[in-house]
1. Among the listed residues Asp37, Asp27, which satisfies the condition of being more than 30 Å from Gly74 (Cα to Cα) and within 25 Å of the chain's Cα centre (by Cα)?
2. Check Ala104, Ala49, Ala96 and return the single one that is modelled with pLDDT under 90 and surrounded by 11 or more Cβ atoms within 10 Å (Cβ to Cβ).
3. Checking Phe9 against (1) surrounded by 14 or more Cβ atoms within 10 Å (Cβ to Cβ); (2) in contact with a Leu (Cβ under 8 Å, 6 or more places away or on another chain): exactly one of these is not met. Which one?
4. I'd like to verify a number: residues in segment 12-46 that are of a type in the set (Ser, Thr, Tyr) and open to solvent by 70 Å² or more (accessible area, probe 1.4 Å), how many?
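The values are calculated or read from the model by the stated rules, or taken from the named source; none is laboratory data. All values derive from a computational prediction rather than experimental measurement. Cβ coordinates were reconstructed from backbone atoms using ideal geometry, including for glycine residues, and neighbour counts include every protein chain displayed. What goes into the accessible areas is simple: the full protein's heavy atoms, side chains included, and nothing from ligands, DNA or RNA. Shrake-Rupley method; radii C 1.70, N 1.55, O 1.52, S 1.80 Å.
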Amino acid sequence: MRWISTLKFEHPAHFIVLKEYCQAIEDAEVRLKRLTDLISETVKSWTMAPVVEAYQAWRGVSLIAAVVFVAEIGDIRRFENPRQLMAFLGSFRQRARQVNMSNAAGSLRPGTVGPVACWSKAHGLTASLRG
């Protein structure tokens with residue numbers, strides 16, 4: 001952000017707009033930090049705190065991602081297999097169709113990890129998910 005504030009503009013109004021956008025970004029960052037801290041404190045007293053902590057042990061899973069996943073899904077052990085989890089999410093067949101239809105266009109990355117991979121990893125399954 002520092003380099004953008006050093007930009008020079010011909011018209012003073014452009015500089016004013018830039019400063020306002022930079023201020024909006026700073027305000028959003030402060031708000032995000034405040035809300036993340038509140039969620040972090042609240043999770044400590046939540047009954048699902050150990051599950052949130054376990055999800056965070058996975059590479060790339062932040063506190064917010066883990067909290068949202070647990071709040072939406074709960075404990076994934078209630079699903080007997082990945083298909084039940086995907087059916088609950090309502091996206092198994094839709095996702096498969098999207099991948100088949102869009103691989104040619106390249107809009108979906110075939111190597112992305114989704115809920116099925118998370119479920120499989122949590123249950124110690126190591127079979128390939130690439131059908």
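1. Only one candidate passes the filter, namely Asp27.
2. Details: Ala104 fails: surrounded by 11 or more Cβ atoms within 10 Å (Cβ to Cβ); Ala49 fails: modelled with pLDDT under 90.
The match here is Ala96.
3. (1)
4. Restricting attention to segment 12-46, the residues satisfying the condition of being of a type in the set (Ser, Thr, Tyr) are 21, 36, 40, 42, 45.
Now narrow it down to the ones that are open to solvent by 70 Å² or more (accessible area, probe 1.4 Å): 21, 42, 45.
Within segment 12-46, residues that are of a type in the set (Ser, Thr, Tyr) and open to solvent by 70 Å² or more (accessible area, probe 1.4 Å) number 3.
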